[in-house]
1. Restricting to the stretch 154-193, what's the tally of residues that are under 21 Å from the mean Cα position of the chain (by Cα), in a helix (DSSP H, G or I) and either at pLDDT below 95 or of a type outside the set (D, E, K, R) (or both)?
2. All but one of (1) surrounded by 15 or more Cβ atoms within 10 Å (Cβ to Cβ); (2) touching a residue at least 60 places away in the same chain (Cβ under 8 Å); (3) more than 19 Å from residue 75 (Cβ to Cβ); (4) not hydroxyl-bearing (Ser, Thr, Tyr) hold for residue 17, so report the exception by its number.
3. Consider residue 42 carefully, then state whether it is more than 16 Å from residue 81 (Cβ to Cβ), free of Cβ contacts under 8 Å to residues at least 24 places away in the same chain and not in a strand (DSSP E or B).
4. Being within 28 Å of residue 63 (Cβ to Cβ) and either of a type in the set (D, E, K, R) or at pLDDT below 95 (or both) is the filter here; which residues of the stretch 231-254 pass it?
5. Within the bounds of the stretch 95-109, is there any residue that is in contact with a Lys or Arg (Cβ under 7 Å, 6 or more places away or on another chain), in a strand (DSSP E or B), surrounded by 20 or more Cβ atoms within 10 Å (Cβ to Cβ) and polar (S, T, N, Q)?
6. Give the residue, chosen from 270, 285, 259, that is at pLDDT below 95, hydroxyl-bearing (Ser, Thr, Tyr) and within 23 Å of the chain's Cα centre (by Cα).
7. From the list 332, 340, exactly one residue is aliphatic (A, V, I, L, M), in contact with a Leu (Cβ under 8 Å, 6 or more places away or on another chain) and on the phi < 0 side of the Ramachandran plot. Which is it?
8. Tally up the residues in the stretch 12-53 that are farther than 24 Å from residue 372 by Cβ and of a type in the set (S, T, N, Q), please.
Amino acid sequence: MQVADGIVCHAFRGASGDTEHTITVEAPPGLSLPQQLDAIGQRYAEALQALRLPPESAIFRRIFLSDAANQAALVRESSLFQEPLDSPVAVSMVQQPPLSGAKVAMLAYHLDSADPIVKRQMSPGHVLVEKRGLGHLWSTRLCTRNIAQARSTADQTRDVFNELIGVLGENGATLADHCVRTWFYVKDVDVFYQEFVDARIELFERHGLTRDTHYLASTGIEGSCSHRYDVVLMDAYSILGLQPAQVSYLNDFDRLCATKDYNVTFERGTRIAYADRAHHFISGTASIDPAGQVMHLGDVPRQLERALGNVDSLLRSGGGRLEDMTHFVVYLRDPSDHGLVEGYFAERFPDVPRLIVRGPVCRPEWLVEVEGIAAVAHDAPSLPSF
């Protein structure tokens, strides 16, 4: 639902009584960055007040910037980034210009629960949210922080994965068994993406993620952090204590081939089931056919229709549907397509939070890509509670 100008919220309430809130906030264009940050902070506060959400219900925020190198320092000083030490929030920050005309936009996730939630800052890039025996690990802004020297894309890919693997290992978890979702932002994706893909294949094989096992839901898209020489930036979501019975993978081979058919290592979607709900993590999805080929070359409306049709088929394979999406993030190669795509979503999904940003996809022919998370009611008392 739209709470006010620039604010759209989605709420999912399960049988347990826990309510998950997803909120998108956009700044009014035409203002300076400090003014836009103040406006987003004010709009965000209004949304929390309207939803009766206390500040400590905040779990995750992703801030989209138009020029991270020049904006990150000011964002770090803002209320969007800073939180009390006793209630940390996982904050992601990525250069992917909002196409509304603003310099900054935000996606936020809150959890309203009657049960105790303990949040701990594990290290600067990792926040652990402990609830009902599970640990939800949000890892953000993982990069090599190169400020003086360029390293290879492959080395950077290994470095960010090794940081995540190290934190998981310190908590008795592994990449293969407990990491659910990754987001990779690759600077100049048309040039550096293949080296990133090759390095990920090699690392996955060393950690038991192969063609014969499974991969992780993921997005690989153009984006960057604020460090001049960093090519790779990663966010990730892992669940400590995750049971194999909770995990399944979303596929519809009548519409999409397996990614391994064209030597890319990610799952189209991953479903995590709980006693009263299931989360469907939809990877970046574009206009692709069952043979792995780009469909509708040069035609943004038809590519968008195909991409959303593919998302719908993935969701239906796990018992969900498009109407269950908690939010959409839409990536466009050409900013001039924003009006057309915004109009489509405003008409078809007016009450679903969405952000449309500039993010060229890994193949130049793909003009639009869509990702998001769906929350679906589920009745399986034998599974862990969310």
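The values are calculated or read from the model by the stated rules, or taken from the named source; none is laboratory data. For clarity, every value in this text was computed on a predicted model and none was experimentally measured. Cβ placement follows ideal geometry from the backbone for every residue including glycine, while neighbour counts extend to all protein chains displayed.
1. 15
2. In the conditions (1) surrounded by 15 or more Cβ atoms within 10 Å (Cβ to Cβ); (2) touching a residue at least 60 places away in the same chain (Cβ under 8 Å); (3) more than 19 Å from residue 75 (Cβ to Cβ); (4) not hydroxyl-bearing (Ser, Thr, Tyr), residue 17 misses (1) alone.
3. no
4. 235
5. For the stretch 95-109, residues in contact with a Lys or Arg (Cβ under 7 Å, 6 or more places away or on another chain), in a strand (DSSP E or B), surrounded by 20 or more Cβ atoms within 10 Å (Cβ to Cβ) and polar (S, T, N, Q): absent.
6. Within the list 270, 285, 259, the selection yields 259.
7. None of the others qualify; the one that does is 332.
8. 5
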